[in-house]
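*Asks:* Just dropping this structure here.
The values are calculated or read from the model by the stated rules, or taken from the named source; none is laboratory data. This structure is a prediction, so every number in the text was calculated from the model and none was measured. Here Cβ is always computed from backbone atoms with ideal geometry, including for glycine, and neighbour counts include all displayed protein chains.
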Amino acid sequence: MWRIFAIGSLAALLTGRALAQNTQPSELDTIKALLQEVADLKARVAALEARHEQPVTGEAANAPAVEPPKQPEVAPSESNAEFGVFRGIKFAGFGALSFKASDARPPESALLGFRDHSSSSFAVGDTSLFITSHLNSKASVLGEITFSETAEQGFEIDVERLLLKYELNDYLKLSFGRYHTAVSYYNQVFHHGQWLQTAVDRPLVVEFSDHGGLLPSQAVGVSVTGQVPSGHLGLNYILEYGTSDTHRPTVDGSGSAEIEEDNGQSTIVGLFARPDGLPGLEAGGSFYHDRIQPNGGPLHMGQSVVSAHVVYVTPRYEFINEGFVVQHNVQETGQTFNTPAFYSLISAKLGGRWRPYFRYQYVNANSPVFPDVKLRHGPSAGLRYELNDYVALKAQIDRTLRSSLAAFNALNFQLAFRF
Amino acid sequence: MKKHKNAVTGSIVVGALALLAGMMPAQSPQPKREDDLAVIVNPVNSVDSISSVELRKYFTGEKRSWRANLPVFLVVRAPEARERAVLLSHVLHMTESEYKQYWVKKVYSGEVPREPLVLFSNGTQLEAVRTERGGIALISAKDVRSGVKTIKIDGLLPGTADYPLR
């Protein structure tokens, strides 16, 4: 009788365990992964057997608090296999379809492919091709070619960035070519490709200058960056010297011609800290200086931009704050014009796919170089939804208050993707 | 007869309890010391020990060179591997999706020239670290073979108490 009892109990136990296992589909995935790994390992066996090697004993691996086991010194393989360098050019792309409706009267300037004199329209905006090429373990090339849609649905091609980069070590990294300037944090981190940024659009002050932004966003020259030995403070420096040629369309819908700054050589010095104690935190600032002659006119100006930023960016949270003062000193009259500006953006990821965000931006342009901007400020609220790792949907509402014209509202939708 | 009936009843009760016990979800076993992941580098690398913070900085691309200007070459396992799961959960504190997006943004901001090399087995990880002088990878301590060097994390080797990659 007890034999029957024991066998019955054992059978029940095994059955139950089997049922429990059947309720865990993740184990099937694990088994599949293991099978895949076994197949991979089998493929490597022939090569591995050709090598002279002995397994490190389990005792050695588990030995507590001892020096690393003295493993035989084996010279790095002289085989032709180069894991570290991928020959050839790697392409990636970013695109978007945007819809914008606005009740601005008169309509604001049509930029980024939106139609002129229209209160609502679709636009593709900027389509960007990113090119990377690995030359050797220290040198690489980065390119960014942008196809910008015009209001007439034509496209203009622009080489936004083309850089030969060389990293000697963490303290000295050199870039030669055309770059996005370090005049702002946003300009350095977010490039063309709306998928890369949380919001539908860039804050006006850090918008690319050929889309109406106020800062010199591009230059051709040399950029030097690196770490400063500073322990847990994590200091980094930026030095840039180059030639910019800023031209910006007006944004107020007045139909005024583009403003050509005719910039001279520009210099940027920047410093920022990324403390070890709080990964994601960065605080710093930069100073930009060049000389301009707007529209080739009679006035010559010294242009300086002082910026400061405090950001906290992790995969889940984003809190970006950046402030500026743009100063123009007129050589002929001795007058000084200061344009303060700032923006602040906060967002948090909810449930893995949703990211609501809020942004406030402010510009008080008091300079003959920005006659169309004047005082503009207002909030934006939006929601980003990640369909997958490649496609994001965004919806955003803006309210913009203007000192010389009535306030207006805008509604934006965007399908942003990478490929 | 009564004795026989009691025995059958007892058998059914105990069997049912055993069935229920068996159906309880199997608890995931606590990682043991033999499950530790070793951080391996090429033997020519003079570094023998790094901190957890430095490990994070290497695998986020914030630190890009070893001593003597030796460029760091990151090697990671493909999704589903335990090495990758531990890297994401213990070192980077990211999900798989967040990790992919992080590197896309990092590469196209121009901050780093490329993403880490993704490999499908520990054997190929070993081969990559042996081949690349600046190579670094996480690998099960049981799979460590000659031709690579295991370095300490926060002064600890795999198998010791409080080792962070378990």
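*Asks:* Only one of A:369, A:313 is within 14 Å of another protein chain (Cβ to nearest Cβ) and either among the β-branched types (Val, Ile, Thr) or surrounded by fewer than 18 Cβ atoms within 10 Å (Cβ to Cβ) (or both); which?
*Replies:* From the options A:369, A:313, the qualifying one is A:313.
*Asks:* Tell me, yes or no, whether region A:141-156 has at least one residue that is under 22 Å from the mean Cα position of the chain (by Cα), surrounded by 19 or more Cβ atoms within 10 Å (Cβ to Cβ) and not in a strand (DSSP E or B).
*Replies:* no
*Asks:* List pairs: first in region A:221-238 and under 14 Å from residue A:175 (Cα atoms), second buried (at least 18 other Cβ atoms within 10 Å of the Cβ) and among the basic types (Lys, Arg), Cβ under 6 Å, 6+ apart or cross-chain?
*Replies:* Listed by first residue and then by second, the contacts come to A:225/A:173; A:226/A:173.
*Asks:* A follow-up question, please. Taking the criterion of being more than 19 Å from residue A:128 (Cα to Cα) and either surrounded by fewer than 23 Cβ atoms within 10 Å (Cβ to Cβ) or not acidic (Asp, Glu) (or both), would at least one residue in region A:189-196 satisfy it?
*Replies:* Checked region A:189-196: no residue is more than 19 Å from residue A:128 (Cα to Cα) and either surrounded by fewer than 23 Cβ atoms within 10 Å (Cβ to Cβ) or not acidic (Asp, Glu) (or both).
*Asks:* How many of the residues making up region A:357-384 are in a loop (DSSP other than H, G, I, E, B) and of a type in the set (Ser, Thr, Tyr)?
*Replies:* Within region A:357-384, residues that are in a loop (DSSP other than H, G, I, E, B) and of a type in the set (Ser, Thr, Tyr) number 1.
Residues are listed down the side, and each one gets a yes or a no for (1) under 25 Å from residue A:317 (Cβ atoms); (2) away from chain B (no Cβ under 13 Å); (3) more than 14 Å from the chain's Cα centre (by Cα):
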| site | (1), (2), (3) |
| --- | --- |
| A:191 | yes, no, no |
| A:194 | yes, no, no |
| A:211 | no, yes, yes |
| A:226 | no, no, yes |
| A:232 | yes, no, yes |
| A:239 | no, yes, yes |
| A:243 | no, yes, yes |
| A:247 | no, yes, yes |
| A:254 | no, yes, yes |
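*Asks:* For region B:95-102, state whether one or more residues are facing another protein chain (nearest Cβ under 9 Å), modelled with pLDDT under 95 and touching a strand residue (DSSP E or B) at 6+ places or on another chain (Cβ under 6 Å).
*Replies:* Checked region B:95-102: no residue is facing another protein chain (nearest Cβ under 9 Å), modelled with pLDDT under 95 and touching a strand residue (DSSP E or B) at 6+ places or on another chain (Cβ under 6 Å).
*Asks:* Here is a further query. Of the conditions (1) β-branched (Val, Ile, Thr); (2) touching a strand residue (DSSP E or B) at 6+ places or on another chain (Cβ under 9 Å); (3) closer than 28 Å to residue A:198 by Cα, residue B:60 clears all except one; give me its number.
*Replies:* (2)
*Asks:* To continue, here is another question. Which condition number in (1) in contact with a helix residue (DSSP H, G or I) (Cβ under 8 Å, 6 or more places away or on another chain); (2) at pLDDT 95 or above is the one that residue B:85 fails?
*Replies:* (1)
*Asks:* Of the residues B:76, B:91, which is within 21 Å of the chain's Cα centre (by Cα), touching a residue at least 40 places away in the same chain (Cβ under 8 Å) and closer than 22 Å to residue A:317 by Cα?
*Replies:* Selected residue: B:91, the only one of B:76, B:91 that is within 21 Å of the chain's Cα centre (by Cα), touching a residue at least 40 places away in the same chain (Cβ under 8 Å) and closer than 22 Å to residue A:317 by Cα.
*Asks:* OK, next. Of these, A:97, A:112, which one is in a loop (DSSP other than H, G, I, E, B) and away from every other protein chain (no Cβ under 14 Å)?
*Replies:* A:112
*Asks:* If we scan region A:250-267, do we find a residue that is modelled with pLDDT of 95 or more and either out of contact with any Asp or Glu (no Cβ under 9 Å at 6 or more places or on another chain) or crowded, with 18+ Cβ neighbours inside 10 Å (or both)?
*Replies:* yes
*Asks:* Could you go through region B:28-37 and let me know if any residue there is of a type outside the set (D, E, K, R) and at pLDDT 95 or above.
*Replies:* Yes, region B:28-37 contains a residue that is of a type outside the set (D, E, K, R) and at pLDDT 95 or above.
*Asks:* Moving on. Within region B:129-143, restricting attention to residues that are crowded, with 24+ Cβ neighbours inside 10 Å and facing chain A (nearest Cβ under 7 Å), which residue is nearest to the chain's Cα centre (by Cα)?
*Replies:* Selected residue: B:141.
*Asks:* A further question follows. Those residues that are in contact (Cβ under 8 Å) with a residue 60 or more places away in the chain and hydroxyl-bearing (Ser, Thr, Tyr), I need them from region A:154-183; list them, please.
*Replies:* A:179, A:181
*Asks:* Still on this structure, please answer the following. Please work out if residue B:89 is among the hydroxyl-bearing types (Ser, Thr, Tyr) and more than 10 Å from chain A (Cβ to nearest Cβ).
*Replies:* For residue B:89, the condition - among the hydroxyl-bearing types (Ser, Thr, Tyr) and more than 10 Å from chain A (Cβ to nearest Cβ) - is met.
*Asks:* Tell me yes or no: at least one residue of region B:75-83 is more than 8 Å from chain A (Cβ to nearest Cβ) and assigned to a helix (DSSP H, G or I).
*Replies:* So far as region B:75-83 goes, yes, one or more of its residues are more than 8 Å from chain A (Cβ to nearest Cβ) and assigned to a helix (DSSP H, G or I).
*Asks:* While we're looking at this one, here's another question. Which condition number does residue B:117 fail, the rest of (1) at the interface with another protein chain (Cβ under 9 Å from one of its Cβ atoms); (2) surrounded by 20 or more Cβ atoms within 10 Å (Cβ to Cβ); (3) closer than 17 Å to residue B:77 by Cα; (4) not aromatic (Phe, Trp, Tyr) being met?
*Replies:* (2)
*Asks:* Loosely packed, with under 15 Cβ neighbours inside 10 Å, part of a strand (DSSP E or B) and away from chain B (no Cβ under 14 Å), is that true of residue A:397?
*Replies:* yes
*Asks:* Could you count how many residues in region B:53-74 are at the interface with chain A (Cβ under 9 Å from one of its Cβ atoms) and of a type in the set (Ser, Thr, Tyr)?
*Replies:* Count: 2.
*Asks:* Here is a follow-up. Can you work out which of the residues in region A:324-356 that are of a type in the set (Gly, Ala, Ser) and not in a loop (DSSP other than H, G, I, E, B) is nearest to residue A:306 (Cα to Cα)?
*Replies:* Filtering first and then ranking leaves A:341.
*Asks:* Within region A:299-306, does at least one residue satisfy the condition of being under 21 Å from the mean Cα position of the chain (by Cα), buried (at least 19 other Cβ atoms within 10 Å of the Cβ) and within 30 Å of residue B:106 (Cβ to Cβ)?
*Replies:* No, region A:299-306 contains no residue that is under 21 Å from the mean Cα position of the chain (by Cα), buried (at least 19 other Cβ atoms within 10 Å of the Cβ) and within 30 Å of residue B:106 (Cβ to Cβ).
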